[in-house]
1. Looking at the range 1-106, what strands (runs of 3 or more DSSP E) fall wholly within it and have at least 1 residues that are modelled with pLDDT of 95 or more and of a type in the set (Ser, Thr, Tyr)?
2. Considering only the range 114-138, state which residues are farther than 28 Å from SER82 by Cβ, over 27 Å from the mean Cα position of the chain (by Cα) and surrounded by 15 or more Cβ atoms within 10 Å (Cβ to Cβ).
3. So SER487 clears everything in (1) open to solvent by 10 Å² or more (accessible area, probe 1.4 Å); (2) over 30 Å from LEU379 (Cα atoms); (3) not β-branched (Val, Ile, Thr) except one condition, right? Which one?
4. Hey, does the range 5-24 have a residue that's touching a Phe, Trp or Tyr at 6+ places or on another chain (Cβ under 8 Å), under 16 Å from ASP72 (Cβ atoms) and aliphatic (A, V, I, L, M)?
5. Would you check which residues across the range 1-37 are acidic (Asp, Glu) and under 16 Å from TRP80 (Cβ atoms) and list them?
6. Here is a check on your reading of the model: is ASP549 modelled with pLDDT under 95, touching an Asp or Glu at 6+ places or on another chain (Cβ under 8 Å) and outside any loop (DSSP other than H, G, I, E, B)?
Amino acid sequence: MPLGERAGDKSESRYCGVETEFNDDMPHVLHSNLFSGSFDFVVAPLMDPSYRPSLVQKDGLGCGVLPFAGSDLVLSPSQWSSHVVGKISSWIDLDSEDETLRMDSETTLKQEIAWASHLSLQACLLPAPKGTSCANYARCVNQILQGSNNMQLWLRIPLVKPDDDSMDAKSVALGDSWETWNSFRLLCEHHSQLSVALDILSTLPSANSLGRWFGEPVRAAILNTDCFLTNSHGCPCLSKRHQRLITGFFNHSIQIIISGNSVHPKANVDANDDTSVTDSQRHPLRPYLDYVGYLYQRMDPLPEQERFELGYRDFLQSPLQPLMDNLEAQTYETFERDAVKYIQYQRAVSKALLDRVPDEEASVKTIVLMVVGAGRGPLVRASLQAAEETGRKLKVYAVEKNPNAVVTLHALIKLEGWEDTVTIVSSDMRYWNAPEKADVLVSELLGSFGDNELSPECLDGAQRFLKQDGISIPSSYTSFLQPVTASKLYNDVKAHKDLVHFETAYVVKIHNVARLAPTQPVFTFTHPKHSDNESNQRYKKLNFVIPNDTGSAMVHGFAGYFDATLYKDVHLGIEPSTATPNMFSWFAIFFPLRTPICVEPGSTLEVHFWRNCGSTKVWYEWCVASPSSSPIHNSNGRSYWVGL
C-alpha cells in the first residue's frame, strides 16, 4: 500500500519496495512482503545465486533447465509486472581478469535479462560495477539495451564521494561513485532506459555533491538498515541530513527500497505489544517502512501552483512566436489566470501615476497611457484599477495586432462601460501612427529569457509615441543563465536524432535538474532607449566556477531566466534567487548542448552567448570554450529563430 496520501502527489515515490534474498517460492515472497509486510514491490533475485554456467552438467541433449525463481505461471502477469523488480545476480563481474568468471557473468546477465523480459518486468536492478574499469560490463548492457523492449535497467551505484573531512574507509576506497556512473552511461551513449539506483550509506557527501544526482536519471534509492539511528523508544530513525535527502527523493519521484536485516528488534517487540500481530506475522523490516511512511506523510501538500504545473515538469515546449503567430484563446486564458503578474503591473502603474501627477493636479490633469500588446485586456484593466486606486485620470489606448483578440477587447470595453476612457487600436505597434504622445507605455512582451519574444524590437517601434520624459513599464529586464545537469531533457532532445532540436531553445518547467553554479546576468535592455543608434545585438562571455565540494558533473545545457524592473522598486521575474512567488506565466528556457561536457570540481566553465539581429529574424548562438570546446550552436540562426 502507498506510504500515505499527499494532496496532489500521484508520483511513483509513494510506493516503497524491499530487497529480498533468493527464494524459489515467489508466491510466498510476495505474500510475506506485500500482504504481511505492506511493501508495494519486491526487488527479488531471479536466479539461484549458486548457479554458474561453466559448472552446469548438461544432459546429452544440451537442454539443462535454468534455476530461475519459479515458473512464470506461479504469479499472474500483472503481479510480475507491478510488484517485482528483477535483481540480477550480484556475483557477476564482467570486467574480471578471470576469463571463466567473466564468461559466466556475461552468460548469466543475458539469461536473467531474457527471463525478466519474458516475465514483462518493468525494471531490473543491475549490480554495481566491481572495479574502476567497467567497459565490458557497459558493452554487454548496451547490447541488451539496443535490443530490449521498454524495460528499465537500474544500475546500482553507492552514494559516495570522499570529502576532505572524515569519511569511512569504505567510502574512501570507492572514490567518487558519480565517476563510475558517468563512465558507464557514456559507454552506453546516454541510453534513456539506463538509470540509477543509489545505495544510501550511513555517511553522506556534501549537499552540493548530493545535488548532482537530482539531474541524473535516478529511479530508486536503496536504504540499508545500517543507515538508521535509534530513537529514545528503541525505534529506527534517520539523521537530519538523511531525512532531507529522502524528502528530496520523494519530490523527484524516486522510490525508496528498504534493504538489509533488522537491527532494531525492540521496535518489532514494542509494536507487537500494542497489536494482535504475532512475532511470526510481523515483518522484521516493518518499523523501517513505517518510518519512511512517517517522513512522507509529514511533507506539506503540493501547493496549488505546483499541482497546476505537474503535467509540464521537464516537458519541452517550443517558445511562442508572438509576432509571427496570433495567440489562441486558450493561451490568453492561461496567462490571464496569473493574478500575481497583474497585481505587480497594477502596483507599477500606480507608482508611475503618483509620480507623474501631483495630488493638487489629480482632478485636472489626464494621463495618456498606452497598452501596447493589449491582448484581451488584462493590462487595460490593471491600469484602470491603478487609476481608480490613486484617484488619477486616464486616457487609455489599447493597441493590439491580433484581430481575434480585438473582438474580445471591444466586447470587454462595452461590458465594463469604458467607452469614454479606452480607445482600441487594431494595429501592429511598430507601424501605428499615434494621434498623440503617451505619458506611460505599458507592455507585457517578455519571454522566459526576457528578450526572446522580441520585446526590444517591439518597444523600439513603440518608443516613437512616448513623450521625451515618458515612462516605460517595464523600464528594464535582464536575462540570466546557469549550467545544469538535465539528463531527461537531454535524452528528450536526443530522441529527435537531428541537429535542429539540439540548436533550439525550449520553454520548460525544469524539475529533475541539478543547478551546478549560481546564475549570472547575460543581456540587459532598458526602455526607453537613450539613443536611436543603440543596437539590440548582444554578446556576453560568462565564467561559471564549479564548487570544489560538488565533485565532477555533466553539463547537458543551460537554464535561462529573466528579471524585470517594472517601475522603480516593483519587479517581477523567474530568476531563482529573486523569483516572484506564485507566478506561473513563465517557465525557464533551456539551451541544450549537442555533446554534454564534463566539468571537474573547482574548474571554470567558459560560455559564450550571442543575440543576433537580421532583417527578418532574431536568433541566439551559444557555445562552450572551456574546459573543452563545443561547436557554435545555431550558427546564423539555421535551426531556431524568432521571426520579426
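1. Values: elements: 16-19, 41-45, 84-87.
It comes to none.
2. Applying the first criterion (farther than 28 Å from SER82 by Cβ) to the range 114-138 yields 129-138.
Within this subset, residues satisfying the condition of being over 27 Å from the mean Cα position of the chain (by Cα) are 129-137.
Scanning the range 114-138 gives PRO129, LYS130, CYS134, ASN136, TYR137.
3. So SER487 meets the others, but not (1).
4. no
5. Within the range 1-37, the subset acidic (Asp, Glu) is 5, 9, 12, 19, 21, 24-25.
Listed by number, the residues that qualify are ASP24, ASP25.
6. On the way: modelled with pLDDT under 95: yes; touching an Asp or Glu at 6+ places or on another chain (Cβ under 8 Å): yes; outside any loop (DSSP other than H, G, I, E, B): yes.
Taking the combined requirement at face value, the residue satisfies it.
Here's the yes/no breakdown for (1) open to solvent by 10 Å² or more (accessible area, probe 1.4 Å); (2) touching a strand residue (DSSP E or B) at 6+ places or on another chain (Cβ under 8 Å); (3) closer than 28 Å to ASP338 by Cβ; (4) not acidic (Asp, Glu):
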residue	(1), (2), (3), (4)
ASN582	yes, no, yes, yes
PHE587	yes, yes, yes, yes
PHE591	no, yes, yes, yes
VAL618	no, yes, yes, yes
ALA625	yes, yes, no, yes
SER629	yes, yes, no, yes
ASN634	no, yes, no, yes
LEU644	yes, yes, yes, yes
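Conditions (1) more than 25 Å from TYR490 (Cα to Cα); (2) in a strand (DSSP E or B); (3) touching a helix residue (DSSP H, G or I) at 6+ places or on another chain (Cβ under 7 Å), marked per residue:
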position: HIS556; (1), (2), (3): no, yes, yes
position: GLY560; (1), (2), (3): no, yes, no
position: LEU572; (1), (2), (3): yes, yes, yes
position: PRO576; (1), (2), (3): no, no, no
position: ILE589; (1), (2), (3): no, yes, no
position: GLU606; (1), (2), (3): no, yes, no
position: TRP619; (1), (2), (3): no, yes, yes
position: TRP622; (1), (2), (3): no, yes, no
position: SER628; (1), (2), (3): no, no, no
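The values are calculated or read from the model by the stated rules, or taken from the named source; none is laboratory data. These numbers were taken from a predicted model, which means no experiment stands behind them. Cβ coordinates were reconstructed from backbone atoms using ideal geometry, including for glycine residues, and neighbour counts include every protein chain displayed. Only protein heavy atoms, including side chains, enter the accessible area calculation; ligands, DNA and RNA are left aside. Shrake-Rupley method; radii C 1.70, N 1.55, O 1.52, S 1.80 Å.
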